[in-house]
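Notes follow the structure.
The values are calculated or read from the model by the stated rules, or taken from the named source; none is laboratory data. These numbers come from a predicted model, not from an experiment. Note that each Cβ is placed from the backbone with ideal geometry, even for glycine, and that neighbours are counted across all protein chains shown. Surface accessibility is based on the protein's heavy atoms, side chains included, excluding ligands, DNA and RNA. Shrake-Rupley method; radii C 1.70, N 1.55, O 1.52, S 1.80 Å.
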Amino acid sequence: MVKLFDTSGNGYIEVEVKDFYCNDFPCYFARTGKKTYLRDFNEPFYTVPDMTLGSMPVDGGNLLLTSDERDELVAENPAAQKWIRKFVGSREFIQNILRYCLWLEDCPPNELRKMPPVYQRVQAVRDFRLSSKKALTRKRAETPWLFAERRQPTTDYLLVPRHSSKNRFYVPMDYVSSEIICGDANLMIPGAKLWHFGVLTSFPHMTWMRAVCGRIRDDYRYSADVVYNNFPWPPFNREVERTASEILMTRRKYPDATFADLYDPLLMPKDLRKAHERNDRAVMNAYDFPKNMTEDKMRLALMNMYQSSVNFLELLNGKEF
């Protein structure tokens, strides 16, 4: 059970927390702390799954493998195959480039010693980390067979690349198997449902993203703290699940096309564009936005929703219930 407090701050309801969506109860907010409504910027405003950074190797390139390096390693020592996983950064994700990594989290030391080429790579990771000026990196030289930061989920996850071209109207994102190791050039949302995917890949969310995200030169830099956690979600609308599913099914018609191909504004297939437009309308209906709403007016509306949430949390800050 969780207490959801009303916008006056004077009362609450209790609901079961299973799979209820962020705005099944649009006039209520979940309390974020034990005795306070002060918000941690590491958590979203709304009750949605957390977005986390992918895993970071800090390895000097020794735990990462190209396709050729993978093949050579397995040919030299077939036992290594068990400990090699597909790895995806933002470039690999968007351009469908095959890359791999040594994922030795559960590898017993006796097995590791029986794989000389892998053992040599682990030694190189240790040397690389010990040479760092950062104390934390040198500390991580104690476990050189592991990625320095490991956040790999045990379930499938929605992957959002941290960097995307400004020329794309939609930031490419997709569901990825938990067997694929997500690098820190991406963000992950384990437990994301079709509703979450549909809203995040919509025109309203892209409008919000373009307004608040960082930039690398002119390209978009998506972040959990600024973009995702502050995003004002609409009330739940079942139609968004249907249109989100339609986007995923339409993509499957182009199995050999990369996201760079599919979301190139000059090359985007007509049926995929239509699927996104139907999803845009469904999300706009969830917000109760008019069909012909301009991006400038939508940006203002979303900012006003965000400010209302901030004002509400400030009102409740320090109150005891």
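Assorted remarks:
- Label point at residue 165 placed 7 Å out along Cα→Cβ; residues across the range 253-282 whose backbone nitrogen lies under 11 Å: 259-268
- Of the residues 231, 303, 266, the one whose Cα sits farthest towards the positive end of the charge dipole of the range 219-321 is 266 (charges of +1 on Lys and Arg Cβ, -1 on Asp and Glu Cβ, taken about the Cα centre).
- In this Cβ point-charge picture (+1 for Lys and Arg, -1 for Asp and Glu), the range 64-123 has a dipole of about 120 debye about its Cα centre.
- Peptides 169-176, 116-123 ranked from most to least packed by the mean count of surrounding Cβ atoms within 10 Å: 169-176, 116-123.
- 178, 131, ranked by accessible area, largest first (probe 1.4 Å): 131, 178
- Over all pairs of different C-alpha atoms, the range 41-197 has a mean inverse distance whose reciprocal, the Kirkwood radius, equals 16.8 Å.
- Dipole of the range 89-154, positive end: most advanced residue of 101, 125, 154 [Cβ charges, Cα centre]: 125
- Dipole magnitude of the range 107-258 about its Cα centre (Cβ charges: Lys, Arg +1; Asp, Glu -1), debye to nearest 20: 620 debye
- Taken along the Cα-to-beta-carbon direction at a fixed 7 Å, the label points for residue 266 and residue 96 span 2.0 nm.
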